[in-house]
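**Q** Supplied in structure tokens, the structure appears directly below.
The values are calculated or read from the model by the stated rules, or taken from the named source; none is laboratory data. All values reported here derive from a predicted model rather than from experimental measurement. Glycine gets a Cβ as well: all are built from the backbone with ideal geometry, and neighbour counts include every protein chain shown.
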Amino acid sequence: MDKFSDIIIMISRELYSHNIKWVLTGSYALYLQGHQFNNNLPNDIDIYISSKEDLDNTESIFCQYLPNRTIIEKTLGEQIVFYCDGIKIEIYYAGMGIYNNVIDKAVPIKLQGVDIPCIQNKDELATRKEIAKIRGFFNNDADKISWLEKLNN
């Protein structure tokens, strides 16, 4: 997982230097907190950004990676996707308030002296449930929600 650590440290330094509010979400955030879904290692890095303006700035910061920007209609959000050293990076924001306050409640995990703000397990569960209600279940959402429910009990 050293490649993941190097990439998230690089990304976090860039985001911090531009005063962008963010939180690591998804399987890598859970992994850093000691949890693995089905004993699988994370296969990407998911980052929630607090606003469309911050997403615009983030897209500019990482323009050398040729990010692809898409609209997420069902959540009134947008995301940029790019690859860094073979790792898929998804940076997004949701305009429906699904992620309200998760940045403020993030759990800081220190990697090589850098604080990585990670979504709390209970907030990961709540946001996954909310997203599933909006767009329906995708891939293994139901299994992950069930796993997160057990993790939070």
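**Q** Return the total of residues in region 57-111 being farther than 17 Å from G26 by Cβ, in contact (Cβ under 8 Å) with a residue 60 or more places away in the chain and small (G, A, S).
**A** 1
**Q** Among the numbered conditions (1) surrounded by fewer than 20 Cβ atoms within 10 Å (Cβ to Cβ); (2) over 17 Å from T58 (Cα atoms); (3) touching a strand residue (DSSP E or B) at 6+ places or on another chain (Cβ under 8 Å), tell me where K88 comes up short.
**A** (2)
**Q** If you don't mind, another one. Among the strands (runs of 3 or more DSSP E) lying completely within region 11-73, list those that include at least 3 residues that are more than 16 Å from L125 (Cα to Cα).
**A** Because the criterion is at least 3 residues that are more than 16 Å from L125 (Cα to Cα), the strands (runs of 3 or more DSSP E) in region 11-73 that meet it are 44-49, 68-72.
Per-residue answers, yes or no, for (1) under 13 Å from the mean Cα position of the chain (by Cα); (2) closer than 19 Å to I116 by Cβ; (3) among the hydroxyl-bearing types (S, T, Y); (4) modelled with pLDDT under 90:
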{"residue": "R69", "(1), (2), (3), (4)": "no, no, no, no"}
{"residue": "T75", "(1), (2), (3), (4)": "no, no, yes, yes"}
{"residue": "A94", "(1), (2), (3), (4)": "yes, no, no, yes"}
{"residue": "Y99", "(1), (2), (3), (4)": "yes, yes, yes, yes"}
{"residue": "V102", "(1), (2), (3), (4)": "yes, yes, no, no"}
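**Q** If you take the residues of region 12-30 that are of a type in the set (A, V, I, L, M) and over 12 Å from the mean Cα position of the chain (by Cα), which of them is farthest from C84 (Cα to Cα)?
**A** Here is the first cut: in region 12-30, the ones of a type in the set (A, V, I, L, M) are 15, 20, 23-24, 29-30.
Going one step further and asking which of them are over 12 Å from the mean Cα position of the chain (by Cα), we end up with 15, 20.
On the way: L15: 15, I20: 20 Å.
The residue in question is I20.
**Q** Just give me the residues in region 15-32 being within 14 Å of I119 (Cβ to Cβ) and crowded, with 16+ Cβ neighbours inside 10 Å, in sequence order.
**A** So the first thing to find is which residues in region 15-32 are within 14 Å of I119 (Cβ to Cβ), and the list is 21-32.
The answer is W22, V23, L24, T25, G26, S27, Y28, A29, L30, Y31, L32.
**Q** Would you point out which residue out of I61, I11, I7, I20 is under 12 Å from E90 (Cα atoms) and hydrophobic (A, V, I, L, M, F, W, C)?
**A** Values: I61 fails: under 12 Å from E90 (Cα atoms); I7 fails: under 12 Å from E90 (Cα atoms); I20 fails: under 12 Å from E90 (Cα atoms).
Result: I11 is the single residue among I61, I11, I7, I20 that is under 12 Å from E90 (Cα atoms) and hydrophobic (A, V, I, L, M, F, W, C).
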